[in-house]
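Data block below; observations after.
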Amino acid sequence: SDVSKGFNTPIFHVNADDPEAIKNAMEIAIDYRQKFNTDVVVDVVCYRRFGHNELDDPSVTLPVTQKLIEKRPRVSEIYANKLIEEGVIDEADVVR
């Protein structure tokens, strides 16, 4: 997103752990692009749970960060729990 700062382009930073926030940011970005006919950047802020590739072991290259990532629930779990709390689905609807 730093490159976009030089072009006076709007940048939307969005948390990858929130699928609805990503959807909303994309809708706003599309509307903005349609209305003003200019570029927009959506910066999805996230992490790599399994490293960069098959040969990368993130517990070696980033041990502290990797321990934090391993403790975090997956996006699917976070979103399923949110929908359960909101009463949109129930536990039986979730395949774990």
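Identify all residues within region 50-83 that are farther than 15 Å from residue 20 by Cα, open to solvent by less than 100 Å² (accessible area, probe 1.4 Å), out of contact with any His (no Cβ under 9 Å at 6 or more places or on another chain) and part of a helix (DSSP H, G or I); write none if there are none. Within region 50-83, 59, 63, 65, 66, 69 qualify. Of the residues making up region 41-96, those that are among the β-branched types (Val, Ile, Thr) and under 13 Å from the mean Cα position of the chain (by Cα) are 42, 44, 45, 75, 78.
The requirement of being open to solvent by less than 60 Å² (accessible area, probe 1.4 Å), over 11 Å from the mean Cα position of the chain (by Cα) and not charged (D, E, K, R) is not satisfied by residue 19. Taking first residues from region 3-25 that are closer than 22 Å to residue 75 by Cβ and partners that are open to solvent by 70 Å² or more (accessible area, probe 1.4 Å) and of a type in the set (A, V, I, L, M, F, W, C), the Cβ contacts under 7 Å between residues at least 6 apart in sequence or on separate chains come to 12/28; 13/45; 14/45; 15/45; 16/45; 16/46.
Does region 28-35 contain any residue that is open to solvent by less than 50 Å² (accessible area, probe 1.4 Å), of a type in the set (A, V, I, L, M, F, W, C) and not in a loop (DSSP other than H, G, I, E, B)? Within region 28-35, one or more residues are open to solvent by less than 50 Å² (accessible area, probe 1.4 Å), of a type in the set (A, V, I, L, M, F, W, C) and not in a loop (DSSP other than H, G, I, E, B).
The values are calculated or read from the model by the stated rules, or taken from the named source; none is laboratory data. Since this is a predicted model, take the numbers as computed values, not measurements. All Cβ positions, glycine included, derive from the backbone under ideal geometry; neighbour counts span all protein chains shown. We work out accessible area using only protein heavy atoms, side chains counted, and drop any ligands, DNA or RNA first. Shrake-Rupley method; radii C 1.70, N 1.55, O 1.52, S 1.80 Å.
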